[in-house]
Amino acid sequence: MTKRLYLMRHGQTRFNEQKKIQGWCDSPLTALGIRQAQAARRWFEENGISFDHAYCSTSERCSDTLELITSQPYTRLKGLKEMFYGQLEGESERLSCNDPKACETYYLQFGGESSNTTRDRMVKTLTEIMNQEGHQSVLAVSHGGACFNFLRAVQAPTEELKKEFGNCCIFVYTYQEGRFALDQVVRPVP
C-alpha cells in the first residue's frame, strides 16, 4: 500500500522577514507566517486530508506552524532540524551560499555542517518515520534547506528550486517499498 508524506516548511519568521540566516537558531512566526500556516490548514481541509501521525523539527517555528495546522498530538525530532550554519547563524542572508553544489562544503569553514549531512539526516529520519506501522498519512514540518536537501536525495531539485520553496510550501511524497517519490508541491496562498 502506498503511504503519503506531507513535508512542509514552517511559516515566515522574524528572521525570514529580516533576511537573516536561520538554521539552528530560532525566531517567532510573523503575522504573515501565521496566515501562511492557516492557508496550509485550509488546503488540507479542503482536500479532505487528515494525518495519522505528525512530526516537526525541535525548532519552535516548526511546532508553532504545526499547531496552527492540526490539534493532534505530535513528536518533535532533531532529525528534522534545519542545516546548521555555524558562525553565520543570525547573520545577513548576503553571506549565504546559493549554489547547491558549493553548499556541500561552504558552511564547514564557519563551523557549520555540510548540506550532505543535512540530506542524509533527513533521509534517515523520514525513512524511519514512514517505515513505522500505521504511518499511512504523515505530516512533517521542517525547514527550507532541510526540505531542499531531502528533495535532492529523491530527485533533481532544479525545476522546483526555480519556483522557490516559500514558507509553508508543502511537498507531497508517496512512499512505497522503501522509496520516496515527489507527487506534487503545493504553495498555499494566505
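Okay, here's what the table says:
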quantity: Ratio Rg/Rh, restricted to the chain and using Cα atoms, in which Rh is the Kirkwood radius; calculated: 0.94
quantity: FRET efficiency, 1/(1 + (r/R0)^6) with R0 41 Å, evaluated for residue 87 and residue 46 via beta carbons; calculated: 0.40
quantity: Over the chain, relative contact order from alpha-carbon pairs under 8 Å, at least 6 apart, %; calculated: 34
quantity: Net length gained if the chain between residue 71 and residue 133 were fully extended (0.36 nm per residue, minus Cα distance); calculated: 20.2 nm
quantity: Vicinal HN-Hα couplings computed from phi for region 101-107 (Karplus, 6.51 cos²θ - 1.76 cosθ + 1.60; Hz; Gly/Pro x); calculated: 5, 5, 5, 4, 10, 3, 7
quantity: Orphan Cys of the chain, criterion: no other Cys C-beta under 4.7 Å; calculated: 25, 97, 103, 147, 168, 169
quantity: Cut-off under 5 Å, modelled amide H: who pairs with residue 8 long-range; calculated: 140, 141, 142, 171
quantity: The chain: angle of helix 60-69 to the longest principal axis, Cα-based, in degrees nearest 10; calculated: 30
quantity: Solvent exposure of the chain as accessible area per residue, Å², 1.4 Å probe; calculated: 48
quantity: Global form of region 104-190, assessed from the alpha-carbon gyration tensor, a/c cut-off 1.5; calculated: oblate
quantity: Whole-percent carbon and sulfur share, accessible surface of the chain, 1.4 Å; calculated: 47
quantity: For residue 101, solvent-accessible area (1.4 Å; no DNA, RNA or ligand), Å²; calculated: 140
quantity: ³J(HN,Hα), Karplus 6.51/-1.76/1.60, whole Hz, each residue of region 173-190, x for Gly, Pro; calculated: 10, 9, 9, 8, 6, x, 10, 9, 9, 6, 8, 6, 10, 10, 10, x, 9, x
quantity: Share antiparallel - DSSP beta bridges, the chain, percent rounded to 5; calculated: 55
quantity: Distance between modelled label sites at residue 181 and residue 153, nm, 7 Å Cα→Cβ extension; calculated: 1.9
quantity: Using alpha-carbon coordinates, inclination of helix 115-130 to the longest axis of the chain, degrees; calculated: 20
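The values are calculated or read from the model by the stated rules, or taken from the named source; none is laboratory data. Predicted model, so just to flag it, every value in this text is computed and none were measured. Every residue, glycine as well, gets a Cβ built from its backbone with ideal geometry; the counts of neighbours run over all protein chains shown. Heads up: the accessible areas ignore ligands, DNA and RNA and are worked out on the full protein's heavy atoms, side chains in. Shrake-Rupley method; radii C 1.70, N 1.55, O 1.52, S 1.80 Å.
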